[in-house]
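Structure first, commentary second.
The values are calculated or read from the model by the stated rules, or taken from the named source; none is laboratory data. If you're wondering where the values come from, they're calculated on a predicted model, not measured in any experiment. Methodologically, a virtual Cβ is constructed for each residue, glycine included, from the backbone with ideal geometry; neighbour enumeration extends over all protein chains shown. Calculation scope for accessible area: heavy atoms of the full protein, side chains included, ligands and nucleic acids excluded. Shrake-Rupley method; radii C 1.70, N 1.55, O 1.52, S 1.80 Å.
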Amino acid sequence: MKPADFPAPFDWREFVAAPSDPEDERIEVGVLIVGGGPAGLACAIRLGQLLEDAPELAARLGDVPVAVLEKGKQPGSHLLSGAVVNPRSLRTLFKGRVRTSEMPFYGRVEHESVYFLTRRRAHRIPAPPTMRNHGNLVASLSQLGRWLAEQAEAGGATILPETAAAKLLVSDARVRGVRTGDKGRGRNGEELANFEPGSDVLARVTVLAEGTQGHLTGVALDRFGLHGESPQVWALGVKEVWRVQKPLDRVIHTLGWPLRAGAKYREFGGSFVYPMGDDLVTLGMVVGLDYRDIELSVHDLLQELKTHPLLRKLLEGGERVAWGAKTIPEGGFLSLPRRLHAPGLMICGDGGGLVNVPALKGIHYAVESGRLAAEAAFAALQPGETPWRPGALARYDESLRESFVWEDLRRVRNMRPAFGLGLVLGGALAGAMTATRGAFPPGSSSLEPDADHELISAGGAASYPAADGELTFDKLSSVFLSGNKTRDDAPNHIRVRTDVPPELARLWEHMCPAQVYEAIEGGVEVTASNCVQCGAITAKGGRLTPPEGGSGPEYTLT
């Protein structure tokens with residue numbers, strides 16, 4: 001049995017519509033950016049810079065030349081990453097206006113270690129070339145996102161928080177904008193006393209920068225036939241931030257335990273531990289969602305990892321202060337859409353799959369893609385040009401293909417599929433690919449959707465430690481620590497079949513880091529208010545849709 005045998009009750013056509021508000025009630029903006037993450041905010045910042053030198057164009061775009069929709073309580077609320085950031089794209093974006101020393105980073109990577117773990121031992125190994133981070137900068141992505149939002153607003157962008165983009169507005173084969181989601185509906189969709197209907201937001205150019213598992217991004221890929229040759233595949237990352245007694249002087253990555261090496265398990269991933277100043281560390285576990293064991297839980301693997309002597313020593317006497325979870329697109333070059341634009345539309349960042357899995361990097365690609373999208377939009381808005389003309393935004397794809405982003409992803413295109421053969425053989429093949437800068441093997445591998453892998457019951461949960469409230473923690477206390485803002489009586493935003501076999505119900509129950517799913521007799525029960533919008537369910541047989549604006553986690557340190 002596999003999750004794909006029980007597809008979600010979801011049809012992308014439900015989320016595409018023509019503008020429906022009366023003309024005098026529509027919100028009109030120049031450029032609409034959906035998503036207040038690094039890609040969307042970089043796009044807003046660059047547009048502000050360009051419009052500063054083009055006041056006539058800015059005036060033609062109206063009272064709101066650039067608008068950013070953010071579904072979280074504020075920019076940064078839904079942002080989570082490791083994160084060690086390559087500052088290259090930020091330096092280009094700000095071009096001397098702001099130095100990296102003025103950005104909210106915790107410091108430069110001066111030392112790094114990579115370990116292969118067994119249950120009790122940590123064997124230090126040379127850092128693979130793709131994982132070398134010397135000179136990169138440690139950040140909290142949620143903090144960096146809030147800072148980028150301040151820069152975007154200073155440059156003239158209007159940021160609309162607590163605003164979910166529910167439908168893609170399309171007419172005459174071009175994107176016109178989005179319709180925002182309703183607020184104040186009850187569990188069964190009824191209008192409550194505080195009900196506010198959504199609005200049509202129309203724009204000359206719409207930029208989807210929704211991040212991983214972007215709802216309208218997926219809709220746009222279907223509507224305009226933009227899917228690449230291979231499907232996108234995903235990993236799930238769960239991370240914690242700890243206040244510790246002793247400072248950590250290096251970034252650490254681990255391979256091996258607690259994941260199993262056999263090819264039949266398809267358990268690809270590892271962990272990271274990064275210093276955040278003198279008294280904080282962030283640590284996380286990342287596992288590919290093509291795994292097969294129905295009992296595997298990334299949250300519980302992270303708890304098990306902390307019992308290793310290497311981690312236990314780092315955390316001894318410390319206190320957990322933050323927790324969160326997020327999916328990561330892992331298909332890389334193989335899964336890129338055949339185009340990242342359509343008439344009136346561009347797709348940026350993680351939503352487009354711009355992540356380098358072997359290097360554990362995506363933030364600087366998101367920033368670069370946002371900047372390039374801004375420049376393409378600016379060119380398409382010039383007098384005599386029509387931004388929704390077919391091909392008017394092709395400059396975006398062309399500039400991205402000519403950038404370092406494209407070449408970086410091309411060189412490592414076959415590494416992720418190689419690890420489907422197991423850690424040992426996959427590692428050997430990855431080494432050959434690195435040595436030949438992607439020339440070996442020639443051509444491109446292919447990927448299967450995560451939901452297409454047959455499930456097995458292999459006892460993964462047997463070794464997970466019980467929560468002690470000091471070193472190891474359960475899922476519900478972790479959701480509380482995320483600052484989850486979802487109402488208990490909000491409508492269910494998760495599309496899944498509930499009449500599924502016990503194996504699939506157990507898979508979802510173990511997989512979800514927020515305890516949204518519970519296997520019951522005859523299927524699965526869904527507690528949508530627990531959801532932290534990580535997106536894992538979309539990879540494994542369900543579909544996440546936008547909840548009410550302002551709901552979900554309130555990340556501050558992740």
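Conditions tested, residue by residue: (1) in a loop (DSSP other than H, G, I, E, B); (2) touching a helix residue (DSSP H, G or I) at 6+ places or on another chain (Cβ under 7 Å); (3) at pLDDT below 95.
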residue: A462; (1), (2), (3): no, no, yes
residue: S477; (1), (2), (3): no, no, no
residue: L504; (1), (2), (3): no, yes, no
residue: H510; (1), (2), (3): no, yes, no
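For the stretch 363-392: of the residues being of a type in the set (V, I, T) and part of a helix (DSSP H, G or I), which is surrounded by the most Cβ atoms within 10 Å (Cβ to Cβ)? Explain how you work it out, then say what you get.
The initial filter retains those residues of the stretch 363-392 that are of a type in the set (V, I, T), namely 363, 367, 386.
The next check asks that each one be part of a helix (DSSP H, G or I); those that pass are 363, 367.
Details: I363: 29, V367: 31.
The residue in question is V367.
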From the residues in the stretch 198-247 that are open to solvent by 10 Å² or more (accessible area, probe 1.4 Å) and basic (K, R), which one is modelled with the lowest pLDDT? K246
Here the residues within the stretch 513-525 that are open to solvent by 40 Å² or more (accessible area, probe 1.4 Å) and in a strand (DSSP E or B) are E518, I520, E525
Taking the stretch 169-196 and keeping residues among the polar types (S, T, N, Q), more than 21 Å from I494 (Cα to Cα) and open to solvent by 60 Å² or more (accessible area, probe 1.4 Å) leaves N194
Here are Q151, Q245: which of them is touching a residue at least 60 places away in the same chain (Cβ under 8 Å) and in a helix (DSSP H, G or I)? Q151
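Out of R91, R108, which single residue is within 26 Å of the chain's Cα centre (by Cα) and free of Cβ contacts under 8 Å to residues at least 24 places away in the same chain?
When all the criteria are applied, what remains is R91.
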Please verify whether E162 is of a type in the set (D, E), assigned to a loop (DSSP other than H, G, I, E, B) and surrounded by fewer than 17 Cβ atoms within 10 Å (Cβ to Cβ), treating the condition exactly as stated. no
Does at least one position in the stretch 471-484 carry a residue that is of a type outside the set (A, V, I, L, M, F, W, C), within 28 Å of M1 (Cα to Cα) and touching a Leu at 6+ places or on another chain (Cβ under 6 Å)? no
Any residue that is of a type in the set (S, T, N, Q), surrounded by 17 or more Cβ atoms within 10 Å (Cβ to Cβ) and farther than 25 Å from P329 by Cβ - is there at least one of those in the stretch 469-489? yes
Restricting to the stretch 14-48, give me the number of residues that are touching a residue at least 40 places away in the same chain (Cβ under 8 Å), farther than 19 Å from E196 by Cβ and surrounded by fewer than 16 Cβ atoms within 10 Å (Cβ to Cβ). 1
Contact list please: Cβ distance under 6 Å, first residue in the stretch 376-399 and in contact (Cβ under 8 Å) with a residue 60 or more places away in the chain, second residue open to solvent by 10 Å² or more (accessible area, probe 1.4 Å) and not in a loop (DSSP other than H, G, I, E, B), pairs at least six apart or on different chains. F378/L50; P387/R204; W388/R174; L393/H341
It is to be established whether one or more residues within the stretch 3-25 are assigned to a strand (DSSP E or B), at pLDDT 95 or above and within 30 Å of T92 (Cβ to Cβ). no
Being of a type outside the set (V, I, T), closer than 30 Å to T217 by Cβ and either open to solvent by 10 Å² or more (accessible area, probe 1.4 Å) or touching a strand residue (DSSP E or B) at 6+ places or on another chain (Cβ under 9 Å) (or both) is true for just one of S142, S113, S89. Which residue is that? S142
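Right, T307: touching a residue at least 12 places away in the same chain (Cβ under 8 Å), among the hydroxyl-bearing types (S, T, Y) and open to solvent by less than 10 Å² (accessible area, probe 1.4 Å) or not?
no
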Please verify whether the stretch 352-362 includes one or more residues that are part of a helix (DSSP H, G or I) and surrounded by fewer than 24 Cβ atoms within 10 Å (Cβ to Cβ). no
Scan of the stretch 134-147 for residues that are modelled with pLDDT of 95 or more and over 12 Å from F105 (Cα atoms), ordered by number: R146
For S271: the one exception among (1) surrounded by 20 or more Cβ atoms within 10 Å (Cβ to Cβ); (2) assigned to a loop (DSSP other than H, G, I, E, B): (2)
Looking at H253, H299, can you tell me which residue is in contact with a helix residue (DSSP H, G or I) (Cβ under 8 Å, 6 or more places away or on another chain), crowded, with 19+ Cβ neighbours inside 10 Å and assigned to a helix (DSSP H, G or I)? H299
Looking at the stretch 126-148 only, could you name the residues that are in a helix (DSSP H, G or I) and over 18 Å from the mean Cα position of the chain (by Cα)? P129, T130, M131, W147
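Return yes when P9 is in contact (Cβ under 8 Å) with a residue 12 or more places away in the chain, under 30 Å from P247 (Cα atoms), surrounded by fewer than 16 Cβ atoms within 10 Å (Cβ to Cβ) and in contact with a strand residue (DSSP E or B) (Cβ under 8 Å, 6 or more places away or on another chain) and no when it is not.
Answer is no for this residue.
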If we keep just the residues of the stretch 393-404 that are touching a strand residue (DSSP E or B) at 6+ places or on another chain (Cβ under 7 Å) and of a type in the set (A, V, I, L, M), which is most open to solvent (accessible area, probe 1.4 Å)? A394
Determine, yes or no, whether I494 is among the β-branched types (V, I, T) and farther than 20 Å from R187 by Cα. no
